[in-house]
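The values are calculated or read from the model by the stated rules, or taken from the named source; none is laboratory data. In this text, all values refer to a predicted model and were calculated from it rather than measured experimentally. So basically every Cβ, Gly included, is an ideal-geometry build from the backbone, and we count neighbours across all protein chains shown. In case anyone asks, the SASA skips ligands and DNA or RNA and just uses the protein heavy atoms, side chains included. Shrake-Rupley method; radii C 1.70, N 1.55, O 1.52, S 1.80 Å.
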Amino acid sequence: MSLEQILEGIPRGSADEALAREVNFETLPAHIAVIMDGNGRWAAQRHLPRVEGHRAGIESVRAVVETSARLGIRVLTLYAFSVENWKRPAAEVGMLMTLLKRYLRLELDTLNRNNIRFAVIGRTDELAPDVLDELAAGQEATAQNTGMLFNIALNYGGRAEIVDAARRAIEAGVAPAELDERRFSEFLYTAGQPDPDLLIRTSGEMRVSNFLLWQIAYAEIWVTDTLWPDFRRRHLLEAVLAYQKRDRRYGGIKPAAALSR
Ligand code: FPP
């Protein structure tokens with residue numbers, strides 16, 4: 001959006017204001033994807049049950065969603081629950097689903113006020129009916145919004161998505177000769193969306209954890225040691241500024257190097 005929009009919510013004279021003023025609004029990432037990691041460690045550091053880390057992580061979700069929308073990011077995707085996360089204790093899985101439902105119910109007004117459209121990516125058909133109802137209500141209530149698209153990746157796996165896309169392409173009767181990268185991407189959960197330009201991972205792990213495997217082919221990766229429940233507007237601004245300093249080449253060479261050949 002604009003500097004004014006982001007400055008509206010930032011205290012004057014703060015470090016966040018200085019960071020926001022450094023952002024180049026002409027070269028924002030179109031799509032930011034986030035692997036929210038470190039909730040368990042955050043809770044362990046405080047001798048709290050793991051679920052308290054997830055609960056605290058909701059405040060970070062709020063901060064990132066609002067800051068991204070104010071910046072004018074077109075798509076934000078948060079990795080909330082992977083296909084592998086079912087291996088966690090049932091009580092933790094149940095709590096994650098409860099937090100998600102509660103978040104959607106409580107945040108609908110804020111999403112609408114910020115013109116944010118909500119969507120879910122993943123194998124949603126395997127989710128419980130009460131979760132599906134809440135997700136459907138959230139998508140329906142924000143369907144008319146024209147601002148940022150906010151994807152929650154839920155029961156999501158990058159390999160599962162590629163398998164699902166292949167199945168859909170076969171079901172749609174696409175002939176092998178017709179199938180190229182552009183056509184294939186139309187069968188992904190993110191069909192029609194720009195690929196992530198920036199992938200953020202919290203808590204210092206250097207892994208992509210089966211997240212958006214197809215779509216992150218050329219994404220810039222930014223990893224911070226900050227644990228997800230501590231992640232705030234400042235960290236997102238730092239990530240965007242770091243992204244804007246990167247030299248993206250998509251497998252090519254720098255224009256200056258090309259000239260000297
Ligand atoms: C990873 O931390 C985090 C998750 C598996 C879940 C993230 C979910 C939320 C923040 C809450 C709901 C989300 C939304 C979008 C409303 P971890 O438990 O793997 O942490 P650890 O690696 O320190 O154990």
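Listing for the model above:
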| read-out | value |
| --- | --- |
| Listed residues 42, 228 arranged by accessible area, highest first, probe 1.4 Å | 42, 228 |
| Alpha-carbon centroids, the stretch 89-122 and the stretch 15-54: separation in whole Å | 17 |
| Rounded accessible area of residue 130 (nearest 10 Å², 1.4 Å probe) | 70 |
| Residue-averaged 222 nm ellipticity for the chain, from DSSP H runs of 4+ at -39500 (n - 2.57), nearest 500 | -14000 deg cm²/dmol |
| Dipole magnitude of the chain about its Cα centre (Cβ charges: Lys, Arg +1; Asp, Glu -1), debye to nearest 20 | 560 |
| Spread of Cα-to-Cα distances over 5 Å intervals beginning at zero, given as percent, for the chain | 1, 5, 12, 16, 18, 17, 13, 8, 5, 2, 1, 0, 0 |
| Computed label-point distance, nm, for sites residue 185 and residue 137 using a 7 Å Cα→Cβ extension | 3.6 |
| Cα-projected label distance for residue 115 with residue 92, points at 7 Å along beta-carbon direction, nm | 4.0 |
| Equivalent ellipsoid dimensions for the stretch 123-175 as semi-axes, Å, which come from the Cα gyration tensor, largest first | 25, 16, 11 |
| Candidate aspartates and glutamates - alpha carbon under 12 Å from residue 101, same-chain residues fewer than 8 apart omitted | 130, 133, 134 |
| Global geometry of the stretch 166-206, whether rounded, prolate or oblate, following the gyration tensor of its Cα atoms and the 1.5 cut on a/c | prolate |
| Long-range amide H partners of residue 30 with built H, under 5 Å | 197 |
